[in-house]
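Report on one structure; see the data block that follows.
The values are calculated or read from the model by the stated rules, or taken from the named source; none is laboratory data. Every value quoted in this text rests on a predicted model; they were computed, and no experiment measured them. Glycine gets a Cβ as well: all are built from the backbone with ideal geometry, and neighbour counts include every protein chain shown. Calculation scope for accessible area: heavy atoms of the full protein, side chains included, ligands and nucleic acids excluded. Shrake-Rupley method; radii C 1.70, N 1.55, O 1.52, S 1.80 Å.
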Amino acid sequence: MYEFAVTPAVTQIRRRGVEISEVVPGSLGAELELEPGDRIMRVNGRVVRDYLDFRFQSGGETELVIDVRKHTGEDWELNIERDEAEAFGLSFEQIVPRQCANECIFCFCKGNPETARPSLFVRDEDVRLSFLYGNYTTLTSITEDEMRRVIEQRLTPQYVSVHATDLDVRAYLLGVDKERADISSKMQRILDAGIEIHAQVVLCPKINDGETLRRTIYDLAELHPRVRSVAIVPLGLTRYLNDARLTAVTPEFCGRTIREVGEIQKDLRARMGTTFAFLGDEIYLRAGRAVPGRAHYGDYPQIEDGIGMARTFENKFGALLRKLNKPGAVARRRGLQPGSPAGVGRSGRALYGTIMTGTLFAAPLKRMIDNLNGKFGTRLHVLAIENEYFGGDVSVAGLLAGGDFLAARERVLGEFAIIPRVALKSDEPVMLDGMRLEALQQQFEVPLYAFDFTQFATALEFGVEHQQALGEAA
């Protein structure tokens, strides 16, 4: 599940035009005396609905007539001449997402606790967000206006939740009738216009697995290369999503799926030169299997859907170990202060702390960290955090809440603790249950950091080098 900085439509009244939120000083926008709160209404006589419209209608144009409604209520008409590459220096209000009208039996929004952040309950079905962020749409309710916009503005690629090409199965999963479930003509129109599609299957045991999945993969493969890839991700059940029609994903199910889809992947690679249909990392990890190698994923077409994230992490970690193993390869970072990523390595002793992660990735991460400890004398511990906030079979790090970390604080070892940065909102240091990072930090007895891999690597490089330098001095 991925959440983006979008505002629920139910809290917004749609107004004409698009509102400016920021103007870069010294930019063309500032020269035109545009200000935050002003609304751009038209560009060269064409109505502007959002910032995608503005970008499309102004892109490459050197002579423009822009109608503006000032925040004071005045209407301005700006006649502009500019260099083709000259940017306006404007930022705009967030897109208000179009809402989904399906009743998918597996919808994760139905599995949220009541205390979850409001934005987690937004069921978007918006081709603009699909283009911008990789959000999936089902295309069941795409309008003619939206279809024309995708084609005219070249909103490619689009990410489409197919789930099954068998219409009876797709209609059942989406909670709609077969006529509405049939998007074959819509997909064909998009593909014929040169718009690429990445497809998704949320795999539900006993519903769209087995032969249904096989047919879905091969039906979509017939549309390759315009359909670029298929992501197959497992159903996720929380304690709040307990629909009797759904069957939980088990390690045995994952193992069987790997075998069945593996044969299809082998066939497709031989015929098409690409794996094409990719299983989510969670399927391999829950089956206790190693994730495939780098070549399996090609250019990682669906990494944001959890396809190949574990492989890229392992590869980056291996590269980091090789870098640390080269004498003098790590530059000293004397200017870094405690509280920065490298602050974890300034105690003068061996790096001693705890890395917290979800139960799904804890075992592979522990193997990597144990290797690190053995090579460099660090004392890092991996702590698997149970997800009590969502419950069910939710086990990924990105869905851990503040309360989950807090419940494990007594098990933290060492002088610091690290939580995965992905557990925080993308644009704000707040977790899924609304707890802010600083509030969580105040309740730990040791410094607590929220790191992505780059920040972790920076801290580790400095800490290991500092540790080695002290050893040499002794």
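Quick one: in the stretch 68-119, which of the residues that are among the acidic types (Asp, Glu) and in a strand (DSSP E or B) is nearest to Tyr389 (Cα to Cα)? Give the steps one after another, and end with the answer.
Of all residues in the stretch 68-119, those among the acidic types (Asp, Glu) come to 74-75, 77, 81, 83-84, 86, 93, 103, 114.
Next cut, in a strand (DSSP E or B) only: 75, 77, 81.
On the way: Asp75: 50, Glu77: 53, Glu81: 55 Å.
The extreme case among them is Asp75.
Would you tally the residues in the stretch 243-301 being part of a helix (DSSP H, G or I), within 19 Å of Val202 (Cβ to Cβ) and within 22 Å of the chain's Cα centre (by Cα)?
Here the count works out to 6.
Taking the residues in the stretch 96-120 that are out of contact with any helix residue (DSSP H, G or I) (no Cβ under 9 Å at 6 or more places or on another chain) and either within 17 Å of Leu235 (Cα to Cα) or among the polar types (S, T, N, Q) (or both) as candidates, determine which candidate is surrounded by the fewest Cβ atoms within 10 Å (Cβ to Cβ).
This residue is Thr115.
Which of the residues that make up the stretch 133-170 are open to solvent by 10 Å² or more (accessible area, probe 1.4 Å), assigned to a helix (DSSP H, G or I) and more than 19 Å from Ala193 (Cα to Cα)?
Tyr133, Leu167, Asp168, Val169
Return yes or no: is Val24 in contact with a strand residue (DSSP E or B) (Cβ under 6 Å, 6 or more places away or on another chain), at pLDDT 95 or above and of a type in the set (A, V, I, L, M, F, W, C)? Talk me through it step by step, then tell me what you get.
Details: in contact with a strand residue (DSSP E or B) (Cβ under 6 Å, 6 or more places away or on another chain): no; at pLDDT 95 or above: yes; of a type in the set (A, V, I, L, M, F, W, C): yes.
No: the conditions fail for Val24.
Among all residue pairs at least 6 apart or on different chains, which show Cβ distances below 8 Å where the first residue, located in the stretch 284-307, is at positive phi and the second is of a type in the set (S, T, N, Q)?
Gly298/Thr274; Gly298/Thr275; Tyr300/Thr312
Quick check: is even one residue across the stretch 190-211 farther than 21 Å from Ser141 by Cα, among the β-branched types (Val, Ile, Thr) and out of contact with any helix residue (DSSP H, G or I) (no Cβ under 6 Å at 6 or more places or on another chain)?
Looking through the stretch 190-211, at least one residue is farther than 21 Å from Ser141 by Cα, among the β-branched types (Val, Ile, Thr) and out of contact with any helix residue (DSSP H, G or I) (no Cβ under 6 Å at 6 or more places or on another chain).
Condition first: more than 22 Å from Gly434 (Cβ to Cβ) and among the hydrophobic types (A, V, I, L, M, F, W, C). Now tell me which residues in the stretch 367-419 satisfy that. Before you say what the answer is, go through the steps one by one.
If we filter the stretch 367-419 for residues that are more than 22 Å from Gly434 (Cβ to Cβ), which is where we start, we get 367-384, 393, 410-416.
Result: Met368, Ile369, Leu372, Phe376, Leu380, Val382, Leu383, Ala384, Val412, Leu413, Phe416.
One residue is enough: does the stretch 399-420 have a residue meeting the conditions closer than 16 Å to Thr354 by Cβ, acidic (Asp, Glu) and open to solvent by less than 60 Å² (accessible area, probe 1.4 Å)?
Quick first cut of the stretch 399-420, residues closer than 16 Å to Thr354 by Cβ only: 400, 404-420.
Subset that is acidic (Asp, Glu): 404, 410, 415.
Next cut, open to solvent by less than 60 Å² (accessible area, probe 1.4 Å) only: 404, 415.
Yes.
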